[in-house]
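Structure first, commentary second.
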Amino acid sequence: MILISQGTVDNKDPDKLIVPALEALKDTGALLIVTTSYSKTEALRKSYPQDNIIIEDFVDFDFILGHADLFICNGGYGSILISLSKGVPVLAAGIREGKNDINAHVDYFGVGIDLHTESPRPGDIRRAAARIFSELRWKPTVARLRDELSGYQPNELIEAYLSNGKIHA
């Protein structure tokens with residue numbers, strides 16, 4: 001299963017990422033879950049009526065990424081972090097709003113592939129997805145990061161910090 005999202009801010013033109021991703025993967029047999037953040041959902045549903053494509057305004061990332069094999073996105077910090085915390089490799093296409101820095105880290109640390117563009121071509125997405133599914137290095141690298149992230153207890157750390165009087169309102 002592949003989750004596809006163009007984010008919540010720069011999502012007005014699905015031709016930037018959603019459409020190329022659907023074109024690249026619609027005939028692969030993979031279940032494609034697309035979230036539009038309430039932008040052009042009905043038009044996309046009409047254009048992509050295939051049984052293996054689900055297009056929704058909203059998808060619960062915390063739930064769905066627990067079942068996904070790949071996350072295709074523009075590189076938003078929050079969604080990348082949820083994806084990695086679930087052990088899901090990332091295929092990222094975004095350079096604005098600091099996404100170029102986030103996506104460079106995704107690539108550098110071997111937890112996904114940075115496509116270095118805002119508007120990838122379907123062939124580039126298809127080749128990158130095939131690499132993630134066929135090369136053995138992605139799963140163990142993402143699994144190690146998932147395991148490391150699961151060891152952090154941020155709520156407990158914050159509560160301890162606050163209860164020790166380190167911050168005053």
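Some points to look at:
- Pairs with Cβ under 7 Å, 6+ apart, first in the range 133-155 and within 14 Å of I82 (Cα to Cα), second part of a loop (DSSP other than H, G, I, E, B): V142/G87; V142/V88; V142/P89; V142/V111; A143/G87; L145/V111; R146/K86; R146/G87
- Looking across the range 1-31 at every residue that is among the polar types (S, T, N, Q) and assigned to a loop (DSSP other than H, G, I, E, B), the one that is most open to solvent (accessible area, probe 1.4 Å) is identified as T8.
- Selected residue [polar (S, T, N, Q), modelled with pLDDT of 95 or more and under 17 Å from T35 (Cα atoms)] from S79, S83: S83
- Some residue of the range 104-112 being β-branched (V, I, T), more than 17 Å from I4 (Cα to Cα) and free of Cβ contacts under 8 Å to residues at least 60 places away in the same chain: no
- Residue count, the range 144-169 (criterion: in a helix (DSSP H, G or I) and either surrounded by 13 or more Cβ atoms within 10 Å (Cβ to Cβ) or in contact with a helix residue (DSSP H, G or I) (Cβ under 8 Å, 6 or more places away or on another chain) (or both)): 5
- Which numbered condition R96 fails, given (1) in contact with a helix residue (DSSP H, G or I) (Cβ under 9 Å, 6 or more places away or on another chain); (2) in contact (Cβ under 8 Å) with a residue 60 or more places away in the chain: (1)
- Counting only helices (runs of 4 or more DSSP H) that fall entirely inside the range 32-141 and contain at least 1 residues that are open to solvent by 10 Å² or more (accessible area, probe 1.4 Å), under 23 Å from D15 (Cα atoms) and small (G, A, S), the qualifying elements are 41-47, 77-85, 99-108, 122-134.
- Hits in the range 29-67 (condition: touching a residue at least 60 places away in the same chain (Cβ under 8 Å) and out of contact with any Ser or Thr (no Cβ under 8 Å at 6 or more places or on another chain)): I64, H67
The values are calculated or read from the model by the stated rules, or taken from the named source; none is laboratory data. Bear in mind the structure is a predicted one, so any value in this text is a computation, not a measurement. Ideal geometry is used to build each Cβ from the backbone, glycine not excepted, and the neighbour counts take in all protein chains shown. Accessible surface is based on the protein model in full, side chains and every heavy atom, while ligands, DNA and RNA are left aside. Shrake-Rupley method; radii C 1.70, N 1.55, O 1.52, S 1.80 Å.
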